[in-house]
Amino acid sequence: EFSRKIQIFGLPSLRADMYQENVLRAYCAEEAVGRHTADESSSYFAPANDPFATASTLREIVNRTNSRKAITNLYLSPLATKPQVLGFALYYLTERRNTATSLIFPFCEAYDQETSTGISRVWKYTVELPHLHDETKSDQER
């Protein structure tokens with residue numbers, strides 16, 4: 001009841017009709033997600049094909065929200081394109097590790113198998129992560 005839900009839509013989208021589909025699905029999911037999820041103050045945009053822009057957008061949203069009222073628990077649930085899911089993961093790994101943040105990957109029981117025909121594009125991203133070590137291990141164990 002006291003949680004705040006924010007949505008990030010892929011814009012520009014990968015295909016011309018994807019943005020409209022996402023908005024319609026957001027309205028349909030409003031009952032399960034909560035009211036006011038599709039209003040302007042809780043909707044943001046990040047390119048559907050750029051994980052780095054998505055991570056940057058997440059950083060801005062969380063910093064802005066946290067400056068107004070401290071975030072005690074943050075749940076990130078990417079429901080978008082694969083590049084945007086990668087952006088969520090990059091944001092979590094670089095900004096939110098060892099915090100009260102959870103990355104939730106929902107799974108569907110079924111999906112449309114005929115969403116596309118053939119391969120139109122292949123996106124390749126090079127990601128160089130900083131050295132992420134386990135802080136509980138001693139220097140000798142590393």
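Overview of results
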quantity	calculated
With DNA, RNA and ligands ignored, accessible area of residue 105 (1.4 Å probe; Å², nearest 10)	100
For region 39-95, accessible area per residue (1.4 Å probe, heavy atoms of protein chains only), Å²	54
Spin-label model distance (nm) - residue 53 vs residue 95, 7 Å beyond Cα toward Cβ	1.6
Rounded to the nearest 10 Å², the accessible area of residue 24 at probe 1.4 Å	110
By accessible area with a 1.4 Å probe, ligands and nucleic acids excluded, highest first: order of 92, 27	27, 92
Other-chain or far-sequence residues with amide H under 5 Å of residue 8's (modelled H)	44
Solvent accessible area, Å² - residue 101, 1.4 Å probe, full protein context	10
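The values are calculated or read from the model by the stated rules, or taken from the named source; none is laboratory data. Fair warning: this is a prediction, and the values are worked out from it, not measured in the lab. Note that each Cβ is placed from the backbone with ideal geometry, even for glycine, and that neighbours are counted across all protein chains shown. Only protein heavy atoms, including side chains, enter the accessible area calculation; ligands, DNA and RNA are left aside. Shrake-Rupley method; radii C 1.70, N 1.55, O 1.52, S 1.80 Å.
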